[in-house]
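Structure first, then comments.
Read-outs throughout are calculated quantities, based only on the coordinates presented, and are distinct from any laboratory measurement. The shown structure was predicted, so the numbers you read here are calculated from the model rather than taken from an experiment. Cβ sites come from the backbone with ideal geometry, for glycine too, and all protein chains shown count toward neighbours.
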Amino acid sequence: MIRRFLDAKSPTTAVRALMEGEAGYDPAVWKSLANDLGLTALHIPEEYGGAGFGVTELAIATEEMGRSLLCAPFFASAVMASTAILHAGTDEQKRSYLPALASGETIGTLAIAEPNRGWDGDSVAVSATPFGDVYRLHGVKSYVLDGMNASLVIVAARLANGHFGLFVVRDLEDGVTRTPLQSMDPTRKLARIEFDNTPAVLLGSAEEGEAAYAKVFDTMAACLACEMAGGAERLREDALEYVTMRVQFGRSIASFQVTKHKAADMLLEVELAKSAAYAAAAALDDGDEDASAVVSLAKAIASDTYIQTAVHAVQMHGGIGFTYDNDTQLWFKRAKASEVFLGDANWHRERMLQNWSA
């Protein structure tokens, strides 16, 4: 059902048009995605206006969106922001924020990374200072996914006592400066956000912030791995279709031995990446004690597989493969950007070894 919808709403002609725009998405498609398919509410519990599914179902949706390169704030809002509130917020905060995110009325995002810093909690330097009933944020976040589109931003920040927490910023006109960033992958819009004495509300308690963020990160990385596997699968299918159609020396180039080898390698690598990504989502839903390690294994495999599949796809398309007019470059750029988003393969392999239980 999702694939049929995306085939109709997110062909490459639409992707090319939207990636050139400022917003980077079609509000009508976003509304249909939320209201007709209910995808923005997938893993939000029913008591907060959601559908009550798990990470597995959310990962299925992101896999299909990766296949079609959907230009929409789904990952930022439905995966990142909603998950942060689910794991870090109090029941009252969930009831306050989640229904609007579930309906797609509110677009949210999660601001984690900072200039020249990583994606883990130890890299957070933005400060949060108590000020009456709220906190005041100071610092800069970068690479914020759909940061220009979001009306609700959840910010990872650190208190003076060293505790780490997630803070909600609703008033993006008060002490907030947002600047769009140029990215290798124009199908995803990134922003730099500066906070200067910005009022914010702490989700839950700072003492539990680190543990909550670890769960949020696992969900994001698992869904990203599935999205990358979906993109790699689409590249593989398109490349195979092209070499089957392309004739040289009186025969299909799919019959050439070197092409067969590439096709076989791509199939093996993509299937392994898909299996690892599915296992990561299932481990999170099952509460597996090694879930964090499995997630990082899946992200590492997906990072390597997606970019390698993109390289093979370009080569199999021959001279036209590296041109702007050929659609392969759209997935190639997404593969390269996703390779480092939420941590590259080497970082995740190290994280996997640290998290795997003895």
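Put simply, the Cα atoms of segment 266-329 extend 48, 20, 14 Å along their principal axes, the longest span coming first. 3J(HN,Hα) along segment 205-213: 10, 5, 4, 9, x, 5, 5, 5, 5 Hz, from the Karplus curve 6.51 cos²θ - 1.76 cosθ + 1.60 with θ = phi - 60°, whole Hz, x for Gly and Pro. Each residue in 296, 205 was given a count of other beta-carbon atoms within 10 angstrom of its own, and listing them fewest first yields 205, 296.
Ranked by how many other Cβ atoms sit within 10 Å of their own Cβ, fewest first, the residues 331, 356 fall in the order 356, 331. Label separation (residue 134 vs residue 264): 6.3 nm, computed from points 7 Å beyond Cα along the C-beta direction.
The GluC sites (Glu not before Pro) found in segment 165-240 that occupy coil by DSSP, while having at most 15 further C-beta atoms within 10 Å, are 173. Using the Karplus relation 6.51 cos²θ - 1.76 cosθ + 1.60 with θ = phi - 60°, the per-residue 3J(HN,Hα) values for segment 332-346 come to 4, 5, 5, 4, 5, 5, 6, 4, 9, 5, 6, x, 7, 5, 5 Hz, with x marking Gly and Pro.
Only the Cβ atoms of Lys and Arg (+1) and of Asp and Glu (-1) were treated as charged; on that basis the dipole of the chain about its Cα centre amounts to roughly 1140 debye.
Computed across the chain, the Kirkwood hydrodynamic radius from all distinct Cα-Cα pairs reaches 20.8 Å. In the chain, the DSSP-assigned H stretches of four residues or longer account for a calculated mean residue ellipticity at 222 nm of -16500 deg cm²/dmol, using -39500 (n - 2.57) per stretch and the full residue count as denominator.
Within the chain, DSSP assigns beta bridges of which about 85% are antiparallel (rounded to the nearest 5).
Cα centroid separation, segment 309-341 to segment 41-104: 29 Å. For segment 225-296, chymotrypsin sites (Phe, Trp or Tyr not before Pro) meeting the loop criterion (DSSP other than H, G, I, E, B) and having at most 12 other Cβ atoms within 10 Å: 249. Listed values for segment 137-146 are Karplus-derived 3J(HN,Hα) couplings in whole Hz (6.51 cos²θ - 1.76 cosθ + 1.60, θ = phi - 60°), namely 9, 9, x, 10, 10, 10, 6, 7, 5, 6, and x replaces Gly and Pro.
Using every pair of separate Cα atoms, the Kirkwood estimate puts the hydrodynamic radius of segment 2-107 at 13.9 angstrom. Value of Rg to Rh for segment 109-206, rounded to two decimals, is 0.95; Kirkwood radius and Rg both from alpha-carbon coordinates.
Over all directions, the projected convex hull of the C-alpha atoms in segment 210-355 averages 9.0 nm² in area.
Would you tally the net charge around residue 169, using a Cβ to Cβ cut-off of less than 13 Å, leaving residue 169 out, and scoring K and R as +1, D and E as -1?
That sum, taken over residues with Cβ under 13 Å, equals -1.
Using a Gaussian network for the chain with springs between C-alpha atoms less than 10 Å apart, which of these wobbles most: 178, 251, 236? Of the options given, 251 has the highest mean-square fluctuation.
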